[in-house]
Number of protein chains: 2
Amino acid sequence: MGVKEQRERKPRADVQRNRAALLEAAQRHFLRDGVGASLEAVAKEAGVGPATLYRHFPTREALLAAVLQTRSEELVARRAEIARLADASERLRQWLRAMEEYFSAFSGLPEPLMAAAREREPDNPLTLPCDDLIATTEEYLRAAQTAGLARPSVTGYDLYLAAVSTAWISGTGATDEESLGRLRTLIESGYREQNDKG
Amino acid sequence: MGVKEQRERKPRADVQRNRAALLEAAQRHFLRDGVGASLEAVAKEAGVGPATLYRHFPTREALLAAVLQTRSEELVARRAEIARLADASERLRQWLRAMEEYFSAFSGLPEPLMAAAREREPDNPLTLPCDDLIATTEEYLRAAQTAGLARPSVTGYDLYLAAVSTAWISGTGATDEESLGRLRTLIESGYREQNDKG
DNA sequence: AACAAAACGGAGGCTGACTCCGTACAGGAT
DNA sequence: ATCCTGTACGGAGTCAGCCTCCGTTTTGTT
């Protein structure tokens, strides 16, 4: 007795409708204005009041995380493709690039990402995805190191930070694609083992 | 006739007093709260109304640039010391470190710095200092390249970007000093020429 | 001491974050 | 088909910060 499982009351129709409308509007605004977009504007565009937005997504980070979910799935798919590559060095390189693009989904995204890492509040909806990303980086890096293709002193977290930085720079919009390319090359030269043999 | 030089009316005493009070208060607040600190709070602490703050410093960037002036002078001094070092590689390394510390003066400083670079409005008071910094980096880098100590494909702007990124990461407060050190090493390995002879 | 220019500061308009609470409505029970 | 209950809604309202207008005060000069 006591614990009536109650199964779960299926979610109301308007709830699902509003949630979907909010996510769509939020994505548009984050794309246009970056992660600092006005949440009131998002609510208005979704055709709901501000309270409804906050009921669905208590914080800006929660909304961001929900919108990011789609992208996150793309990244997982890409990770699967990358895993099939033969060259460990190439796997690492492409994974870093994939992460960077993920971080560049919206202008200013790296900021709340790092904030989540700082606070380490487990309720921050951005924390968990990041931990996964770091673990995966670690994995690909280790393979490259074992093959003698990456310096042993480098860590997965280092490369994760490098990817976030690059995405941050890219998001500021102050730098052309050519400079970004050179910056990536610089980082690659930084972690690569350059023994002209093992 | 016509152009009465008027010499210059010496600046009023209250103007100087208020300016000094504002700068001091601003520095405190930027240190505590980062570059996003409340300007109203700064004005209040300086004992002036908001209008006075905006009269002295029309934009947040103007105030930031003025507060940064002191640090800027420290950087110039440090540059002079560095110039005396014998090793071109060491000069470059220390210069990059000095820039990074300068960028880390206040949390969030890299953001408006890059924004200034993006807009390229010559009236942005942060633009000019940056151009100088890039030029100096270029100079030290070129010396290192000539000595065969740095890759020829790297540019001064690349290293400037790398320094800004590192400062940005540092400013997020999400990363311990050890990781930052490894990141710096990574970058250094990235631009260094690793011929075991020239 | 008187004057004019320069500078001041508070009140107020604006935008965006976030909440409270009376109302409307969806969906199961009759 | 209707009732009934709890869930969700949304607008009005509070709060904080940015920035400006304009009547008043201060300052240096004559």
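The residue list A:Ala66, A:Ala25 contains one member that is surrounded by 15 or more Cβ atoms within 10 Å (Cβ to Cβ), more than 13 Å from DNA strand D (Cβ to nearest atom) and of a type in the set (A, V, I, L, M), which is A:Ala66.
Yes or no: B:Tyr140 open to solvent by less than 20 Å² (accessible area, probe 1.4 Å) and within 14 Å of chain A (Cβ to nearest Cβ)? Break it down stepwise before answering.
Details: open to solvent by less than 20 Å² (accessible area, probe 1.4 Å): yes; within 14 Å of chain A (Cβ to nearest Cβ): no.
Against the criterion (open to solvent by less than 20 Å² (accessible area, probe 1.4 Å) and within 14 Å of chain A (Cβ to nearest Cβ)), B:Tyr140 does not qualify.
A single entry from A:Arg78, A:Arg60, A:Arg55 fulfils the requirement of being away from DNA strand C (no atom under 11 Å from the Cβ), open to solvent by 70 Å² or more (accessible area, probe 1.4 Å), of a type outside the set (Asp, Glu) and closer than 28 Å to A:Arg120 by Cβ: A:Arg78.
Scanning the range A:143-175 for residues that are at the interface with another protein chain (Cβ under 7 Å from one of its Cβ atoms), open to solvent by 30 Å² or more (accessible area, probe 1.4 Å) and of a type in the set (Val, Ile, Thr) yields a count of 1. Residue-level analysis places A:Gly36 among those that are within 14 Å of another protein chain (Cβ to nearest Cβ) and within 10 Å of DNA strand C (Cβ to nearest atom). Based on this model, can you work out whether A:Glu178 counts as open to solvent by 30 Å² or more (accessible area, probe 1.4 Å), within 12 Å of chain B (Cβ to nearest Cβ) and part of a helix (DSSP H, G or I)? When the stated conditions are applied, A:Glu178 passes them. Pull up the range B:117-137, narrow it to residues that are under 13 Å from the mean Cα position of the chain (by Cα), more than 12 Å from chain A (Cβ to nearest Cβ) and aliphatic (A, V, I, L, M), then point me to the one that is farthest from B:Ala98 (Cα to Cα). The qualifying residue farthest from B:Ala98 (Cα to Cα) is B:Leu128.
When you look at A:Ala88, is it under 30 Å from A:Gly148 (Cα atoms), away from DNA strand C (no atom under 15 Å from the Cβ) and touching a residue at least 40 places away in the same chain (Cβ under 8 Å), yes or no? Yes; evaluated as a whole, the condition is true for this residue. In summary, A:Glu40 fulfils each of the numbered conditions (1) within 30 Å of A:Ala143 (Cα to Cα); (2) surrounded by fewer than 17 Cβ atoms within 10 Å (Cβ to Cβ) with the single exception of condition (1).
The values are calculated or read from the model by the stated rules, or taken from the named source; none is laboratory data. Being a predicted model, the structure only gives us computed values, none of them experimental. Note that we place each Cβ from the backbone using ideal geometry, even for glycine, and neighbour counts take in every protein chain shown. These accessible areas exclude ligands, DNA and RNA; they are computed on the full protein's heavy atoms, side chains included. Shrake-Rupley method; radii C 1.70, N 1.55, O 1.52, S 1.80 Å.
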